[in-house]
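Below is one structure; the comments refer to it alone.
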Amino acid sequence: MNTTVIRPLRFTTDVQGMRAFLETLGLRARIESERGGWVDMLAGRGMVALHDAASSSTGGLPGQTRLSFEADDLGELKDRLEQVGFVDATVFDEAYGRVLSVSGPEGVVIWVDERNDDLYGYKLHTTRPDERWSVTPYLTGADEAPWLRFLDALRVPRAARFGPSGGEFDVRLDFVTTEDLDDVHARVGGSRTEDGLEIVDPDGRLVVVHG
């Protein structure tokens, strides 16, 4: 079965600082670049990728988070997306592997990397994440109904949270955990609110953890 995983991509000036922050939450590094400009982090459900903003070839800005995914088979995913109306889905080769580009709802360009066994230039880690944690990016400027249809087409239903639909599309790193939020608060600080635990990450961006 072709598995797709939600994997928000954070552009940062401090890859190691963000990595340490996410490890404190319970995520663990899976693959990192030997040059140090990339690392992807596993949660019990979902992933977060960290990319050095200075080396971004797509104009990623420090602190910016983009919605992206990882899949086993991009050819099968492309066919599935085309069948439900996302007809501009395109697969192409990059130096690090195959990538799918598709226009999601409201014309937002979404990138999906194909899982790659060729790890030349990368290091593989085998540590396991804390299974109690899930990555649930918070989308604003997004009309929920068409986005839910898009996520269903990717077979990652209910993998995101939705805020106000007005304004420009934006992505915030959010998480859901079954760990006691008092324990998380004691470990990472932040402020308790009705929504959960609000934390400022090393990029100066708000992260919300929901219980």
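At a glance:
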item: Protein-only accessible surface order, largest first, of ASP72, ASP201 at 1.4 Å; result: ASP72, ASP201
item: Spin-label pair THR90/GLU23, simplified geometry with 7 Å Cα→Cβ offset, distance in nm; result: 3.9 nm
item: Sequence-distant residues sharing a close amide H with MET41 (under 5 Å, placed H); result: ARG30, VAL48, ALA49, LEU50
item: Convex hull volume per residue in cubic angstrom - Cα atoms of region 111-211; result: 164 Å³
item: Carbon and sulfur %, accessible surface of the chain computed with the full protein complex present, 1.4 Å; result: 47 percent
item: Cβ charges +1 (Lys, Arg) and -1 (Asp, Glu), total dipole of region 105-153, debye; result: 220 debye
item: Cα-based equivalent ellipsoid of the chain: semi-axis lengths in Å, sorted from largest, via gyration tensor; result: 26, 21, 16
item: Probe 1.4 Å, protein heavy atoms only - accessible area per residue of the chain in square angstrom; result: 48 Å²
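The values are calculated or read from the model by the stated rules, or taken from the named source; none is laboratory data. It should be emphasised that the depicted structure is a prediction, and the values quoted were computed from it without experimental measurement. We place every Cβ from the backbone using ideal geometry, glycine too, and count neighbours over all the protein chains shown. Heavy atoms of the whole protein, side chains included, go into the accessibility calculation; ligands, DNA and RNA do not. Shrake-Rupley method; radii C 1.70, N 1.55, O 1.52, S 1.80 Å.
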